[in-house]
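Q: The structure follows.
The values are calculated or read from the model by the stated rules, or taken from the named source; none is laboratory data. A quick note: this is a predicted structure, and the numbers were derived from the prediction, not measured. Quick reminder, even Gly has a Cβ in these numbers, built from the backbone with ideal geometry, and neighbours come from all protein chains shown. All accessible areas refer to the heavy atoms of the entire protein, side chains included, with ligands and DNA or RNA removed. Shrake-Rupley method; radii C 1.70, N 1.55, O 1.52, S 1.80 Å.
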Amino acid sequence: MAETISGSTSEAAATKSSYPSANAGWFLVIMLTIAYVFSFIDRYILGLLIEPIKADLGLTDEQIGWVIGPAFAIFYATMGLPLGWLVDRSKRTWIVAAGIFVWSLATAVSGLAKSFWHLFIARMMVGVGEATLSPSAMSMIADSFPPEKRGKPISVYVAALSLGSGIASLIGGAVLIWAKTTDSVTVPLFGALAPWQLTFFAVGLPGILLAGVFMFIKEPPRQVAELDSDLDGNSIKDALTYVSRRFGTYGTFVSMAAVMAIIAYSQGFLPATFERTWGWPAEKYALVNGVALLIFGPATVFITGVISDRWTQAGARDASLRLLIIGYVIMIPTAILPMFMPTPELAYGFLILNTIGIAMISGMAITALLAITPGQIRGQVVALYYMSISMAGLFLGPSSVGVLSTRVFGEENIRLAMAALPVLYGLVPLLLIPLSIRLYRRQLDHIAGQSNA
């Protein structure tokens with residue numbers, strides 16, 4: 001049973017750990033959020049440089065789709081579960097430090113790409129590094145705050161999605177403006193580099209310094225109060241067995257997060273869509289998008305986190321799931337309608353609403369997951385969650401848009417490919433919402449029974 005749990009978790013089981021001070025918890029959240037911002041800048045900058053990369057390397061939309069999506073996902077997804085196993089046993093701050101170093105160096109190396117395959121391999125290594133962060137972060141955040149106080153810190157961490165994407169947009173916009181004034185820059189050791197190549201260096205190298213900081217951050221003690229008698233240990237097999245026995249519960253609400261990831265990752269094609277459809281230069285889209293993301297994304301996830309905590313403290317144990325569903329209902333139509341607007345201003349107005357829906361789902365899906373997952377397998381289940389939504393988002397999002405654009409609608413009609421995506425993937429989870437609510441509440445009752453046992 002639970003006393004057979006291996007590694008550091010079993011050692012902690014003998015004495016119940018107390019949560020660290022609020023100051024210590026929030027310091028950790030802030031540092032993890034900064035790391036998450038760095039990761040999203042490195043992840044999303046490629047989407048803003050599509051046109052100059054295509055021109056220099058001679059790539060098609062389909063090839064760009066493979067680089068943005070599957071190249072990143074191959075290891076980001078498949079390394080998640082073994083890394084989650086490591087998170088449940090090893091020093092998590094050191095795991096984060098190693099991951100930041102790997103993805104930052106790989107981002108910088110992306111700027112040296114001379115072909116499709118060079119860029120593909122570099123983005124694969126970015127995925128390897130970034131796979132370490134969220135399983136470690138969510139495990140440490142859960143060990144720093146009790147369940148009724150997790151909504152706000154998780155929302156602050158998840159706000160990095162919008163912060164990172166927004167900063168990446170602003171950087172990309174500035175680079176595109178600069179690119180129109182210069183053809184190349186000579187860099188010692190590397191020779192003449194195009195502006196898009198120099199951008200990868202500029203956003204990647206600072207992360208190496210951040211990696212060093214995490215070597216000295218103290219991680220919280222593991223909380224072992226939230227155990228489950230259905231678990232014999234905390235091996236990968238135990239985690240997979242636990243989730244598979246509750247596949248309907250996890251699968252129905254995680255499918256909404258998966259569709260969110262599909263839509264969010266496909267938006268790497270939005271700069272090209274606005275340029276080809278409404279004539280907005282990519283740099284104009286990038287600057288407008290950057291400002292909007294920085295305003296609406298973090299505000300949405302923080303406000304949603306506050307509401308989630310208040311509803312939970314008032315007795316609504318499924319508050320996070322309710323807010324997740326509200327976000328989903330906002331997200332689907334606002335991903336379709338912009339593509340049929342007559343002006344770019346109207347189109348982007350709907351995309352602001354879409355950003356709000358995506359932000360709500362991003363924060364509440366992981367909060368909902370933690371509420372129904374026992375502490376001794378949390379790192380692995382969080383890793384499995386990110387693996388699942390990342391495989392969906394990265395394999396199906398950009399690649400579907402790329403294929404539909406190149407092979408079905410024609411690259412001049414990329415907006416139709418963007419509009420088709422939410423229809424293809426979003427309807428089934430919408431129909432499963434009533435089942436998701438029922439199964440989720442049943443699992444909450446199970447967890448409550450374990451805590452009272």
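Q: Quick check on Ala98: is it among the hydrophobic types (A, V, I, L, M, F, W, C), in a helix (DSSP H, G or I) and closer than 27 Å to Leu189 by Cα?
A: Working: among the hydrophobic types (A, V, I, L, M, F, W, C): yes; in a helix (DSSP H, G or I): yes; closer than 27 Å to Leu189 by Cα: yes.
Answer is yes for this residue.
Q: Does Val291 satisfy the criteria of being in contact (Cβ under 8 Å) with a residue 12 or more places away in the chain, part of a helix (DSSP H, G or I) and buried (at least 21 other Cβ atoms within 10 Å of the Cβ)?
A: It is false that Val291 is in contact (Cβ under 8 Å) with a residue 12 or more places away in the chain, part of a helix (DSSP H, G or I) and buried (at least 21 other Cβ atoms within 10 Å of the Cβ).
Q: Any idea which residue in the range 333-347 is farthest from Leu432 (Cα to Cα), counting only those that are touching a Pro at 6+ places or on another chain (Cβ under 7 Å) and surrounded by fewer than 22 Cβ atoms within 10 Å (Cβ to Cβ)? First the steps, then the outcome.
A: So the first thing to find is which residues in the range 333-347 are touching a Pro at 6+ places or on another chain (Cβ under 7 Å), and the list is 335-336, 347.
After this cut, where a residue has to be surrounded by fewer than 22 Cβ atoms within 10 Å (Cβ to Cβ) as well, the list is 336, 347.
Details: Ile336: 20, Ala347: 29 Å.
Among those that are touching a Pro at 6+ places or on another chain (Cβ under 7 Å) and surrounded by fewer than 22 Cβ atoms within 10 Å (Cβ to Cβ), it is Ala347.
Q: Being within 23 Å of the chain's Cα centre (by Cα) and either modelled with pLDDT under 80 or farther than 20 Å from Thr373 by Cα (or both) narrows it down to one residue among Ala71, Ala24, Ala14; which is it? Walk me through how you get there before you give the answer.
A: Numbers: Ala24 fails: within 23 Å of the chain's Cα centre (by Cα); Ala14 fails: within 23 Å of the chain's Cα centre (by Cα).
Going through Ala71, Ala24, Ala14 in turn, the sole match is Ala71.
Q: Then there is this: Please list, ordered by first then second residue, the pairs with beta carbon atoms under 8 Å, 6 or more apart or interchain, first in the range 27-41 and outside any helix (DSSP H, G or I) and surrounded by fewer than 24 Cβ atoms within 10 Å (Cβ to Cβ), second at pLDDT below 90 and not β-branched (Val, Ile, Thr).
A: Cβ pairs passing all conditions: none.
Q: From the list Gly375, Gly363, pick out the single residue that is open to solvent by less than 30 Å² (accessible area, probe 1.4 Å), at pLDDT below 90 and farther than 24 Å from Ser162 by Cα. Please lay out each step first, then the result.
A: Numbers: Gly363 fails: farther than 24 Å from Ser162 by Cα.
Of the residues listed, the single one that is open to solvent by less than 30 Å² (accessible area, probe 1.4 Å), at pLDDT below 90 and farther than 24 Å from Ser162 by Cα is Gly375.
Q: If you don't mind, there's one more thing I want to ask. Does Val403 fit the bill of being part of a helix (DSSP H, G or I), β-branched (Val, Ile, Thr), surrounded by fewer than 23 Cβ atoms within 10 Å (Cβ to Cβ) and modelled with pLDDT of 90 or more? Lay out the reasoning, then the answer.
A: Details: part of a helix (DSSP H, G or I): yes; β-branched (Val, Ile, Thr): yes; surrounded by fewer than 23 Cβ atoms within 10 Å (Cβ to Cβ): yes; modelled with pLDDT of 90 or more: no.
The answer is no for Val403.
Q: Shifting gears a bit: List pairs: first residue in the range 423-451 and modelled with pLDDT of 90 or more, second residue part of a helix (DSSP H, G or I) and of a type in the set (D, E, K, R) anywhere in the structure, Cβ distance under 9 angstrom, at least six positions apart or on different chains.
A: Ile437/Arg322
Q: Pick from the range 86-101 the residues that are open to solvent by 10 Å² or more (accessible area, probe 1.4 Å) and closer than 21 Å to Thr373 by Cβ: which of them is modelled with the highest pLDDT? Don't jump to the end; show me each part of the working.
A: Looking only at the range 86-101, we keep the residues that are open to solvent by 10 Å² or more (accessible area, probe 1.4 Å), and these are 86, 89-91, 94-95, 98, 101.
The next check asks that each one be closer than 21 Å to Thr373 by Cβ; those that pass are 86, 89-90, 95.
Details: Leu86: 83, Arg89: 80, Ser90: 83, Ile95: 93.
Restricting to residues being open to solvent by 10 Å² or more (accessible area, probe 1.4 Å) and closer than 21 Å to Thr373 by Cβ, the top hit is Ile95.
Q: Something else now. Could you say which residue among Leu105, Leu83 is in contact (Cβ under 8 Å) with a residue 12 or more places away in the chain and open to solvent by 50 Å² or more (accessible area, probe 1.4 Å)? Spell out the reasoning first.
A: Numbers: Leu83 fails: open to solvent by 50 Å² or more (accessible area, probe 1.4 Å).
Criteria check complete, one pass: Leu105.
Q: To continue, here is another question. From the list Gly315, Gly297, exactly one residue is surrounded by fewer than 19 Cβ atoms within 10 Å (Cβ to Cβ) and at pLDDT below 90. Which is it?
A: It is Gly315.
Q: Can you find a residue that is free of Cβ contacts under 8 Å to residues at least 40 places away in the same chain, open to solvent by 10 Å² or more (accessible area, probe 1.4 Å), over 24 Å from Gly127 (Cβ atoms) and among the aliphatic types (A, V, I, L, M) anywhere in the range 410-422?
A: yes
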